[in-house]
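Bear in mind that the values in this text are calculations on the coordinates, not laboratory data. Everything numeric here is computed off the predicted structure, so don't read it as measured data. So basically every Cβ, Gly included, is an ideal-geometry build from the backbone, and we count neighbours across all protein chains shown.
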Amino acid sequence: MADKKAGIVWLVKMAWRDSRRNAARLLLFMSSIVLGIAALVAINSFGDNLSDEIDGEAKALLGADLEISSRTPISDAVRERFDSLGFEMAEEMSFASMIYFPKNGGTRLINVRAVEGNFPFYGEIITEPAGEANDFTEEQKALVDQTLLLQFDASAGDSVKIGEVTFHIGGSVLEVPGQSAITTTVAPPVFIPLRLMEETGLNQLGSRINYKIYAKYPEEFDNTVFEDYLSPWLETTELSYDDVAERKEEIGDAYSDLTGFLNLTAFVALILGCIGVAGSVHIYLKEKTTAVAVLRVLGTSGQQAMAIFLIQVLAMALLGSVLGAALGAAIQYFLPALFDDFLLVDVAIGLSWPSILEGILTGVIAAVLFALLSLVRLRKISPLRAIRTSLEPAAKDRAPWLAGGGIFVFILLFSRLQLDEWSSALTFSFGILMAFALLAGLARLATYSAKRFFPSRSPFVWRQGLANLYRPNNQTLILVVTIGLGTALITTLFISQELLVDKVKLTSAPESRPNMVLFDIQSNQMSEVREVTQQSGLPVISEVPIVTMRLEAIKGRSVNELRSDTATGIRDWVLSREYRVSYRDSLSESETLLRGKWQDEVGRSGDSIFVSIEEGLREDMKVNLGDELIFNVQGARLSTYVGSIREVDWQRMQTNFLVMFPKGVLENAPKFHVLLTRFESPEQSAAFQQKLVKQFPNISVIDLQLVLETIDKVLSKVSFAIRFMAFFSIFTGLLVLTGSVLISKYQRMQESVLLRTLGARRNQILLINAIEYFLLGSLAALSGIVIALIAGSLLAWLSFETTLTPDILVLPGVYLTITLLTVLIGLSNSRGILSKPPLEVLRKVM
Amino acid sequence: MKNEPILRIRELTKNYRSGSRDLTVLSQVSLDVERGSTCAIVGPSGSGKTTLLGLSAGLDVPSSGSVTLNGIVLDKLSEDEKAQVRSAHVGFIFQSFNLLPTLTALENVMIPLELKGEKKARKKAKDLLEKVGLADRAGHYPAQLSGGEQQRVSIARAFANEPSILFADEPTGNLDGETGATVEELIFRLNTDAGTTLILVTHDLDLASRAGRVIHMKNGKLFSDSLVDSVA
């Protein structure tokens, strides 16, 4: 039954009056959340702008209304059907091959795109000189990716040789619809006329050619024709297809994953900021206890007392969120440059009001929820405290637990929005809760231990510093939780970034391992290629035969039957894939036998053939040891059984296979070959490639060093993007640390001044404070690092399926930085106090 | 209502749990205080006088017994209801002044008026500050006032809501002799002008002697009561 006469206006007045003398502290609360909100708004705004751009340029991303693709030549039935519907068509064959620059002998792996027709129907291939893409197919011209021309110092008018055909370079390719800079890094595109494909001689056994038909719908095409007629028909074929809606969805999903991940890193910064708010508000409100008790004596209700300070927190949260949103709206202008290489479209940046409002709302809700942990306790402050310290324990209050529950739900819901999965969101939220509980437990343990095992014989300054950890109104709990959680979050971010990078990184080849792969070698070329390799001073480390085949039946059921039975759970790619298999009599270094028995050789004709399949394939194929698999080896049926299951280390740079046959089966099948060798210097590699491509233009070469370097470049861009986001967390962490330590300044003031009055020297007081902050900082940093290691290990095990190997130098660095910062900021509090006369300081405090 | 005591205390007891022991700080105290009277509660430290004051003003909850303030039985009320009672009927002067440090002198005096919804809170507060001789310090913060000045602001605040009863907890306890005398004079003068019942706790026997009734506390019990003694 609060006094209704003193309404909201009075509460706002009181909040304003009290805030006048506390502006600096309240600004400190506010600053804790600014960066987190800025990061959220920047990412969300950028995501909105990107999404708008993808919507607007959807057709240009595909270059057509419909794209059909296949690993085998597309039958005329498709062309006839499209023709009957009035579609305009363009065709393409794309595959990896080598380009040769006669001007300087340079060679490189490229992605050949042999096209005919008016592709792209939407958007354009941007070339220099402009317009070269319009008619290059009429002549013997090639359009070459600009990075290639730069690399080999070539330009329009020069020649390039692809296969057996020499082309004139029509121009450099600057931009291709639907391709980002990253995707062209390993094998840059080169466009040639499709009509010259045959002449190049590159369409040979084993060539991995991707066949495509692009279709443009006629004007006023009714999309129901596609949905009702064309799509069901395409489902019955082995063709893959994409229309604009699907491509938009795929791209949207990919970027949505990216923005979701980045939002989570921004959310980490916000949580960190809110923890800072919680800590600062806690200490701030502790000093308001007497004032609240006096207000209660004067006739204020508990709710009113809480409301006064809630209004302050609300105002600061709103101000901080608005500032953060403004900063975020500005920062998003830098994001296109950060992600430029990964983007398929040019993003026009504009203000995204939904993102701005969402950011402000998130910031206010988060800050208020965290502040409520301490605010709710104000309701229960007894008016008796105005005249004496209460001897009775505080009344049990469920409200802080409810506030805690509210925070957990908020974190859960927000992370669910970003991660799209309840399991991941729950893991994330529980992780934070566990970290909090662990830190609180460690802080309590430290307080107890300091008291229990107090070293009474140690020097005075050590005893004082240590006693500060457990004396009444100590800040051990709040600082250990605040700083420790901040350390844990930031360190976990770094560890997960390293895990991500390590996961994608391919194992580089140490000495004696192959670092060059020659593929598409025909059987009749093998001996000559071997000779050229050895003559060039390179070792032939291994020769791997490859046979292509298709799956015909699994466990007696044909693939057609399995494809139409969706209950089997067998992945479609398993049924429609062209398998590239090999044969040998032993496991390779990258393979581990999991189950079954390896068959090294089939002794006699008619004996059962036991193949070894990779574990992932086994799962997707839904087979087990002993199950029958029938393969079609270029017309010949081959019945086999699953003899063993292997685990393959796909990160090892060598030929790995999903299906491996024993010797004695495929030796006479049509095949092509891969040869593994090793070069010792870039010059040796370049000279060898030149010789090889001249003599055997159909053979492609993968320089593994180049691949590793390229991947490293890509990963460093990814790392940079993640580190950019981590910056928000780090800076917020510093603000939180500063705020937590500074807010306790007034308590320090009284104690330090009293010691001075009693005769303690300046250095003694500084040392006492330094010891206290050293112990607090150390405990917080170590606890945070331990939590980060636990979180990182779980991430490595559950998400990345690897083991954590943290950087040995990073962790001590984190510990030293956090501890040092805590001590320095803590001491900066004291210096100002000690340089003034005690009475002057006491007057200010009182 | 006019003839009824403004404060009626019956069998009031207060215990605290301290570690494994129960501490009895007040034991079976009963007394009535008449309207308009002035009453001093004296006794050594730990005698229970501040506890008695706190319970009488509804700041604390007794372990047993009852308190009736201005006809309102406090035992059954919630904390917020007691706050409302204090807002309507009680003024309080603290030993440590307890001005809100972030509010000016004027704003501190305005609080009880604003809580009651008084429309002319600012003017009335200024008048009160004038009465205590601090009209020219209205805009100053407590840190800018001396101890005596802070207590005078506290007195102005205590009278702001025109209380029926005024509680004063060692009002001159933190002041020097001369300042204390000034404050003491102010309290009694304003109290007489307002016709308020005054209950004050004090160590100062000279101050106590100015009250019409002196209650002596010892070991949590009523040791002597000048009213009872004189009747006796």
*Please give the peptides A:71-84, A:403-416 ranked by average Cβ packing (other Cβ atoms within 10 Å per residue), highest first, as a rough proxy for protection.*
A:403-416, A:71-84
*Taking H as built 1.01 Å from N, whose amide H comes closer than 5 Å to the amide H of residue A:679, not counting residues under 5 places away?*
A:515, A:516
_On Cα atoms only, tilt of A:810-834 relative to the major axis of chain A in degrees_ = 30
*For segment A:515-582, diffusion coefficient by Stokes-Einstein and Kirkwood Rh (Cα), 37 °C, 0.692 mPa s, µm²/s*: 217
*Using 0.36 nm per residue of separation minus the Cα-Cα distance, give me the extension gain between residue A:637 and residue A:715 in nm, one decimal.*
23.7 nm
*asked:* Give me a comma-separated list of calculated 3J(HN,Hα) values for segment B:117-133, in order, Karplus coefficients 6.51, -1.76, 1.60 applied at θ = phi - 60°, integers in Hz, x for any Gly or Pro.
replied: x, 5, 6, 9, 4, 5, 5, 5, 5, 5, 4, 5, 5, 4, 4, 8, x
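What does the helix-only formula give at 222 nm for the protein assembly as shown: each DSSP H stretch with n ≥ 4 adding -39500 (n - 2.57), the total divided by the residues, and the result rounded to the nearest 500 deg cm²/dmol?
Working: 34 runs with 527 residues, N = 1078.
It comes out at -16000 deg cm²/dmol, rounded to the nearest 500.
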*Which of the aspartates and glutamates could a cross-linker bridge to residue A:691, judged by Cα under 13 Å and excluding same-chain residues fewer than eight apart?*
A:528, A:531, A:683
*Mind checking Rg over Rh on segment A:99-142, alpha carbons, Kirkwood formula for Rh?*
1.02
*Taking a ≥ b ≥ c as the square roots of the eigenvalues of the Cα gyration tensor of segment A:123-199, is the shape rounded (a/c under 1.5), prolate (a/b larger than b/c) or oblate?*
rounded
*Can you pull the mean other chain C-beta count within 10 Å for peptide B:80-90?*
6
*What is the mean number of Cβ atoms from other protein chains located within 10 Å of the Cβ atom of each residue in peptide B:92-101, rounded to a whole number?*
5
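Averaging over every viewing direction, what projected area does the convex hull of the Cα atoms of segment A:399-461 cover, in nm²? Numbers along the way, then the final one.
Values: hull surface 26.4 nm².
Averaged projected area of segment A:399-461's Cα convex hull equals 6.6 nm².
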_What distance in nm lies between label points placed 7 Å from Cα along the C-beta direction at residue A:69 and residue A:333?_
3.8
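Need one word for chain A: rounded, prolate or oblate. Basis is the Cα gyration tensor (sqrt eigenvalues a ≥ b ≥ c); a/c below 1.5 gives rounded, then a/b vs b/c decides. It would help to have the intermediate numbers written out before the result.
Numbers: a/c = 2.41, a/b = 2.09, b/c = 1.15.
Judged from the Cα gyration tensor, chain A comes out prolate (a/c at least 1.5, a/b above b/c).
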*In terms of Cα to Cα distance under 16 Å, which lysines are near enough to residue A:713, apart from those fewer than 8 places away along the same chain?*
A:503, A:505
*Positive end of the charge dipole of the protein assembly as shown (Lys, Arg +1 and Asp, Glu -1 on Cβ, about the Cα centre): tell me which of A:477, B:39, A:760 has its Cα farthest that way.*
B:39
*Gaussian network model of chain B, Cα within-10 Å springs - most flexible of B:126, B:76, B:221*: B:76
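Which of the peptides A:712-724, A:586-598 is most tightly packed, and how do the rest follow, judged by the mean count of other Cβ atoms within 10 Å per residue? Working shown, then result.
Working: A:712-724: 15.9, A:586-598: 14.3.
Order by mean packing, descending: A:712-724, A:586-598.
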*Got a sec? Charge dipole of the protein assembly as shown, +1 on Cβ for Lys and Arg, -1 for Asp and Glu; which of A:36, A:193, A:625 is way out at the positive end?*
A:36
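Taking each pair of different alpha-carbon atoms in chain B once, compute 1/r for the pair, average those values, and report the inverse of that mean as the Kirkwood hydrodynamic radius in Å to one decimal.
Working: mean 1/r = 0.0552 Å⁻¹.
18.1 Å is the Kirkwood radius here.
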_Beyond a 27 Å Cα-Cα separation, which of these cross-linked pairs lie in this structure: A:380/B:49; A:286/B:119; A:380/B:131?_
A:286/B:119; A:380/B:131
_Acute angle (nearest 10 degrees) that the helix A:422-452 long axis makes with the longest principal axis of chain A, alpha-carbon atoms_ = 40
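What size of dipole, in debye to the nearest 20, comes out for segment B:126-203 about its Cα centre when the only charges are +1 on Lys and Arg C-beta atoms and -1 on Asp and Glu C-beta atoms? All intermediate terms of the calculation are to be shown ahead of the outcome.
Numbers: 6 positive and 12 negative charges, 44 e Å.
With only Lys, Arg, Asp and Glu charged at Cβ, the dipole is about 200 debye.
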_3J(HN,Hα) from dihedral phi, segment A:473-484, Karplus parametrisation 6.51/-1.76/1.60, rounded to Hz, x for glycine, proline_ = 6, 6, 10, 4, 4, 5, 6, 5, 5, 5, 6, x
*When only Cα pairs under 8 Å and 6 or more residues apart are kept, what is the percent relative contact order across segment A:127-207?*
38
*Looking at the square roots a ≥ b ≥ c of the eigenvalues of the Cα gyration tensor of segment A:339-482, which shape do they give, rounded for a/c under 1.5, prolate if a/b is larger than b/c, or oblate?*
prolate
*Degrees between helix A:762-798 axis and first principal axis of chain A (Cα, 0 to 90, nearest 10)*: 30
*Distance (nanometres) between label positions extended 7 Å along Cα→Cβ at residue A:231 and residue A:807*: 4.8
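Would you please give the FRET efficiency between residue A:249 and residue A:831, computed as 1/(1 + (r/R0)^6) with r the Cβ-Cβ distance and R0 = 60 Å, to the nearest 0.05? Don't jump to the answer; show the numbers that get you there.
Values: r = 60 Å, r/R0 = 1.00.
After rounding, the FRET efficiency stands at 0.50.
Which value, in debye to the nearest 20, describes the size of the charge dipole of the protein assembly as shown about its Cα centre when Lys and Arg Cβ atoms bear +1, Asp and Glu Cβ atoms bear -1, and nothing else is charged?
Working: 103 positive and 118 negative charges, 1729 e Å.
Dipole size: approximately 8300 debye.
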*Looking at A:401, A:435, A:446, which one has the Cα that reaches farthest to the positive end of the dipole of segment A:358-489 (charges on Cβ: Lys, Arg +1; Asp, Glu -1)?*
A:446
*For segment A:610-616, in order, what is each residue's ³J(HN,Hα) by Karplus, 6.51 cos²θ - 1.76 cosθ + 1.60 with θ = phi - 60°, in whole Hz (x at glycine and Pro)?*
10, 9, 10, 10, 6, 4, x
*Treat every Asp and Glu Cβ in segment A:70-148 as -1 and every Lys and Arg Cβ as +1, leave all other atoms uncharged, and give the resulting dipole magnitude about the Cα centre to the nearest 20 debye.*
500
*asked:* For a quick check: with amide H placed at 1.01 Å from N, whose amide H comes under 5 Å from residue A:552's, ignoring anything fewer than 5 positions away on the same chain?
replied: A:630, A:631, A:632
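In peptide A:299-312, what is the residue-averaged number of other protein chain Cβ atoms found within 10 Å of each Cβ? Mind dumping the intermediate values first?
On the way: counts 16, 8, 9, 4, 1, 3, 1, 0, 0, 0, 0, 0, 0, 0.
Taking all residues of A:299-312 together, the mean is 3.
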